[in-house]
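The values are calculated or read from the model by the stated rules, or taken from the named source; none is laboratory data. Values in this document were obtained by computation on a predicted structure and should not be read as measured data. Here the Cβ is made from the backbone with ideal geometry for all residues, glycine too, and neighbour counts use every protein chain on show. The area values use the complete protein model at the heavy-atom level, side chains included, leaving out ligands, DNA and RNA. Shrake-Rupley method; radii C 1.70, N 1.55, O 1.52, S 1.80 Å.
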Amino acid sequence: MFKKLFGQDENLINGELSPEIPLPKHVAVIMDGNGRWAKKRFLPRIAGHKEGMNVVKKITRYASSLGIQVLTLYAFSTENWKRPTDEVDFLMKLPVEFFDTFVPELIEENVRVNVMGYRDNLPPHTLRSVEKAIADTAHCTGLVLNFALNYGGRAEILSATREAIRALEAAGKKADEITEQDIDQHLMSAGLGDPDLLIRTSGELRLSNFMLWQLAYSEFYFTDTHWPDFSEEDFLLAMIDYQNRSRRFGGL
Ligand code: FPP
């Protein structure tokens, strides 16, 4: 795998993907800046989300073409319900439009859809489209496109811990016997592996309750670009940056 940057970086020393250094297997993205993108253009905030959805399609295609195994996208947090009703309604309709228009291509590209988050309070139309997309792509074996929808990191750790304790009690074991693996396997991302790289767009330098357990050893990449402006070239820059990191996982 050897990709040149799209023409613009003659001065960048590491301006190409290295064929020797592995790419991240799992990339997680906090897609921030839709509102600011819209505001700059005197458009309603929902126009930013709509354009953000198109960028999700573009980056999914690109990540799949690079051979990334899992792409996790933070689409809606448990805190996002506090936004105005019309914005929440729009954000809950987006998955319906996204899956209606994109699932055939996902199947063709061998992309499997996964959704992590609390499903019980999703509107019925959102839940229906999520469940259908998961079922329709269940046979796909390529990229896993994993949406964090109505997701919160602390709540996830809490419920995984509770479930791990219940399983422990059922097996007649003591609290001291609980292991990290016990919690791991009850997380909503169980089986997907921890993200190797977290990308956050739009200049904020925080985690916003996203995958708090899973990001313990991930590399972080921040860019000022608003999500609706995020391009394949921006994604590639993040990959190149990742290849230049030295991951030691606490060792030397
Ligand atoms: C944060 O930007 C973005 C969100 C809360 C929603 C993310 C959703 C998408 C990118 C649409 C894709 C969704 C699917 C299901 C395909 P913000 O609104 O907080 O931006 P701001 O900080 O500039 O106001």
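Is there a residue in the stretch 183-195 that is in contact (Cβ under 8 Å) with a residue 40 or more places away in the chain, of a type in the set (A, V, I, L, M) and under 18 Å from Val70 (Cα atoms)?
At the first step, the residues of the stretch 183-195 found to be in contact (Cβ under 8 Å) with a residue 40 or more places away in the chain are 188-189, 192-195.
From what's left, of a type in the set (A, V, I, L, M): 188, 192.
Filter once more, keeping what is under 18 Å from Val70 (Cα atoms): 188, 192.
So far as the stretch 183-195 goes, yes, one or more of its residues are in contact (Cβ under 8 Å) with a residue 40 or more places away in the chain, of a type in the set (A, V, I, L, M) and under 18 Å from Val70 (Cα atoms).
Only one of the listed residues (Leu205, Leu212) is at pLDDT 95 or above and touching a Phe, Trp or Tyr at 6+ places or on another chain (Cβ under 8 Å). That residue is Leu205.
Take the conditions open to solvent by less than 40 Å² (accessible area, probe 1.4 Å), over 17 Å from the mean Cα position of the chain (by Cα) and of a type in the set (Gly, Ala, Ser) and apply them to Ala160. Does it pass? Yes; evaluated as a whole, the condition is true for this residue. Only one entry of Asn244, Asn209 meets the criterion of being touching a residue at least 40 places away in the same chain (Cβ under 8 Å) and touching a Ser or Thr at 6+ places or on another chain (Cβ under 8 Å), and that entry is Asn209.
Return yes or no: is Ile199 modelled with pLDDT of 95 or more, in contact with a Phe, Trp or Tyr (Cβ under 9 Å, 6 or more places away or on another chain) and part of a helix (DSSP H, G or I)? Taking the combined requirement at face value, the residue does not satisfy it. One residue is enough: does the stretch 42-51 have a residue meeting the conditions more than 14 Å from the ligand (Cβ to nearest atom) and at pLDDT 95 or above? Within the stretch 42-51, one or more residues are more than 14 Å from the ligand (Cβ to nearest atom) and at pLDDT 95 or above. Quick check, is Ser129 open to solvent by 10 Å² or more (accessible area, probe 1.4 Å), more than 13 Å from the ligand (Cβ to nearest atom) and of a type in the set (Ser, Thr, Tyr)? For Ser129, the condition - open to solvent by 10 Å² or more (accessible area, probe 1.4 Å), more than 13 Å from the ligand (Cβ to nearest atom) and of a type in the set (Ser, Thr, Tyr) - is not met.
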